[in-house]
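Here is the structure we will look at, set down as structure tokens.
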Amino acid sequence: MARRQGEERRQERMEEARKLLKMGEEGFRIAEDLAHSPDDRLRGVAAIYFCACNDPRAADRLRPLLSDECPDVRLRALRSYAAQIHPARSKKERRPRRVQKPPPSVPPGIDALLPMIGDSDVKVRSCAVEALAAYAPLRDRRIESALQQALNDPKHQVRHAAARALGVTCPGCGVRAGVSKSSVSHVEIIVVSSVEAYRQWARELAAPTDAVLEIGCSTGVTTRILASKAAQVVAVDNSVLLTERLRGELAGRGNVQVALADGRDIPKLIALLAEPTLIFLDIGGNARLDNVALQARLCLTAFRPRAMVVRSAEMTQFLSLVSTVEPPQADQDRWVGRSRSGDDWIAYLLDLSHSSSVESRVFAARQMRSHDKAALRKRLQEMAADNNPSVRRAAAMALRGLGEAQVQP
Ligand SMILES: C[S@@+](CC[C@H](N)C(=O)[O-])C[C@H]1O[C@@H](n2cnc3c(N)ncnc32)[C@H](O)[C@@H]1O
């Protein structure tokens, strides 16, 4: 009873706190009181308020909350503080992750952020690395040494973020992160060699809102990790034996679907999970680079996950040799828009029509029927002589659908 009353009272105060956001000077004064509340959530509300209020005193009021006893309050205070001191701050750029352009100079308030690299909470440390990463291009000695310190962090995600900020090889997975990041993809691509690192990323990346596509699930070790973290997991493998066994073993887990599929069979993957937010791709750590690259490219053309983890020893070796990457040209952006129409879609169909998967070529031919474009007609003519009868048939039907009556399947 007493606990319920306490909860109700807390809810009321939270409601009051939300109203404060519209209250200007009065709101600022009450937020200053809330910052001293014994209730963690209310101190967190104060941290958010100080970020939202657009008041020059906000950074000062946030500074004590950076060493709050509660990690969640420290995290909120850190995000708010980083946004306050960033000179390019705009309302849309409150979170340091969103800060894109390097600022013109290091703000004096940066000193309060530096010790947070050693915080006891991993989320706070990650956020501190992200906040400092925005200033890495300025090559400030204090910031560089804080990021260097983060390279020794016990958590891989922190080490990886620090390595990316510094443009060096991640000591955790051996990947020189960031250099190959495409400006058109907006997908975090993580390449690892060992199965341990791959599974570690499953533990660290997957979140309760994620829908994960796992290609090459094998006996399901990574599948189980993903299923314990994410909302939904679709795990595929091209082995009948392995998928049947795993389906039986995971039958009781409502958020996992195990399917027999070739990872290159994009139409089938789309039917299983149209919009994965994460992709885990492991068709064998020693699989040939060209096979892994084709698989990865097909996935990136069809889906827009927030991150993709690829396991490939050859790819890590290759990437570790890369020192410079020219930014991709705009016309290479072949992302499929949500509407699956327009030039992106046409380019994608042309790309897919060269897939080594028969199903993908058939799918491409069938889709081409709905678009009367010279390039597609030309490609369909070629596909009408494909060495697979299903592809020839699909191409002939598509051409007839486009009015080329003389084509025989
Ligand atoms: C090394 S195992 C994956 C191990 C798994 N990541 C784990 O953590 O246990 C590679 C799996 O990829 C599957 N595989 C290989 N080529 C494939 C493809 N084209 N499509 C789907 N699965 C494939 C293999 O059958 C094998 O089970």
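The values are calculated or read from the model by the stated rules, or taken from the named source; none is laboratory data. Quantities reported herein were computed from a predicted structural model and do not represent experimental measurements. Here the Cβ is made from the backbone with ideal geometry for all residues, glycine too, and neighbour counts use every protein chain on show.
Taken over segment 278-293, the criterion of being within 12 Å of the ligand (Cβ to nearest atom) and part of a helix (DSSP H, G or I) is satisfied by 291, 292.
Out of all the residues in segment 29-63, which are within 22 Å of residue 126 (Cβ to Cβ), without any contact (Cβ under 8 Å) to a residue 40 or more places away in the chain and of a type outside the set (Asp, Glu)? Can you show your working first?
The initial filter retains those residues of segment 29-63 that are within 22 Å of residue 126 (Cβ to Cβ), namely 40-41, 43-44, 47-48, 50-51, 59, 62-63.
Checking which are without any contact (Cβ under 8 Å) to a residue 40 or more places away in the chain leaves us with 40-41, 43-44, 47-48, 50, 62.
The answer is 41, 43, 44, 47, 48, 50, 62.
Kindly evaluate residue 143 against the criterion of being within 26 Å of residue 227 (Cα to Cα) and either at pLDDT 90 or above or not in a helix (DSSP H, G or I) (or both). Let's see the steps before the verdict.
Details: within 26 Å of residue 227 (Cα to Cα): no; either at pLDDT 90 or above or not in a helix (DSSP H, G or I) (or both): yes.
For residue 143, the condition - within 26 Å of residue 227 (Cα to Cα) and either at pLDDT 90 or above or not in a helix (DSSP H, G or I) (or both) - is not met.
On the given criteria, is residue 112 surrounded by 22 or more Cβ atoms within 10 Å (Cβ to Cβ) and modelled with pLDDT of 90 or more? Answer is no for this residue. Mind listing just one residue for me: the one in segment 294-327 that is among the hydroxyl-bearing types (Ser, Thr, Tyr) and not in a helix (DSSP H, G or I) and, of those, nearest to the ligand (Cβ to nearest atom)? Residue satisfying both the conditions and the ranking: 312.
Applying the criterion of being surrounded by 20 or more Cβ atoms within 10 Å (Cβ to Cβ) and assigned to a strand (DSSP E or B) to the residues of segment 191-228, the residue that is farthest from the ligand (Cβ to nearest atom) is 191. Looking for something surrounded by fewer than 22 Cβ atoms within 10 Å (Cβ to Cβ), near the ligand (Cβ under 10 Å from one of its atoms), among the polar types (S, T, N, Q) and modelled with pLDDT of 95 or more - is there at least one such residue anywhere in segment 249-266? Checked segment 249-266: no residue is surrounded by fewer than 22 Cβ atoms within 10 Å (Cβ to Cβ), near the ligand (Cβ under 10 Å from one of its atoms), among the polar types (S, T, N, Q) and modelled with pLDDT of 95 or more.
Looking at this structure, is residue 345 of a type in the set (A, V, I, L, M, F, W, C), at pLDDT below 90 and outside any helix (DSSP H, G or I)? Considered against the rule, which asks whether it is of a type in the set (A, V, I, L, M, F, W, C), at pLDDT below 90 and outside any helix (DSSP H, G or I), residue 345 comes out as no.
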